[in-house]
Amino acid sequence: MTTVPSQGNYLAVIKVVGVGGGGVNAVNRMIDSGLRNVEFIAANTDAQALLMSDADLKLDIGRQLTRGLGAGSDPEVGRLAAEEHRPEIEEALQGADMVFITAGKGGGTGTGAAPVVAEVAKSLGALTIGVVTRPFT
């Protein structure tokens, strides 16, 4: 029979990354609901919207590319913004056992940057789960 020592931290390290406007809004709602034992990360190309987030860590991606003005609904701009900040994304996800990525499908940042965040999380060995919302049309 195997015994487990009574001391030590056996909790999984869970990080939730909100990407783009829809993803950051989802993270803010989770924070407002009192969800605990999770690290919240907000990543956006819209610097003004990012300032409104209550996330533990805010990643202002695409600073050079978008000058903080958003991706203009262009997923390629969102992807390039995330690629530009891949090292910061990797640093933010270090040590995670599980990463939830939430984004809205259809916008530039969420649609383009979320797959890059997922690639980074997977490369670090974290169980990676995407939760994507589809806006009403």
Hz values of 3J(HN,Hα) by residue in the stretch 82-99 - Karplus curve (6.51, -1.76, 1.60), Gly and Pro given as x | 5, 4, 4, 10, 3, x, 5, 5, 4, 4, 5, 8, 3, x, 6, 8, 9, 10
Rank 57, 106, 93 by how far each Cα sits towards the positive end of the charge dipole of the chain (+1 on Lys, Arg Cβ; -1 on Asp, Glu Cβ) and give me just the farthest.
-> 106
With axes computed from alpha carbons, what is the tilt in degrees of helix 108-123 against the longest principal axis of the chain, rounded to the nearest 10 within 0 to 90?
-> 30 degrees
Which of the trypsin sites (Lys or Arg not before Pro) across the stretch 31-137 are loop residues per DSSP, with 11 or fewer other Cβ within 10 Å?
-> 36, 67
Residue-normalised 222 nm signal for the chain, counting each DSSP H run of n ≥ 4 as -39,500 (n - 2.57), nearest 500 deg cm²/dmol, is -11500 deg cm²/dmol
State, as an integer percentage, the relative contact order of the chain based on alpha-carbon contacts under 8 Å between residues 6 or more apart.
-> 26 percent
Calculated from backbone phi, Karplus (6.51, -1.76, 1.60) coupling profile of the stretch 16-29 in Hz, x at Gly/Pro | 10, 10, x, 10, x, x, x, x, 5, 4, 4, 4, 4, 5
Charged-residue dipole, Cβ positions (Lys, Arg, Asp, Glu), the chain about Cα centre, Debye nearest 20 | 300 debye
Taking amide hydrogens as modeled 1.01 Å from N in the peptide plane, which residues meet the under 5 Å criterion relative to residue 130, leaving out close sequence neighbours?
-> 101
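None of the figures in this text is laboratory data; all of them are computed from the coordinates on show. None of these values were measured; they are calculated from a predicted model. For neighbour counting, all protein chains shown are included, and Cβ atoms are generated from backbone atoms with ideal geometry for every residue, glycine included.
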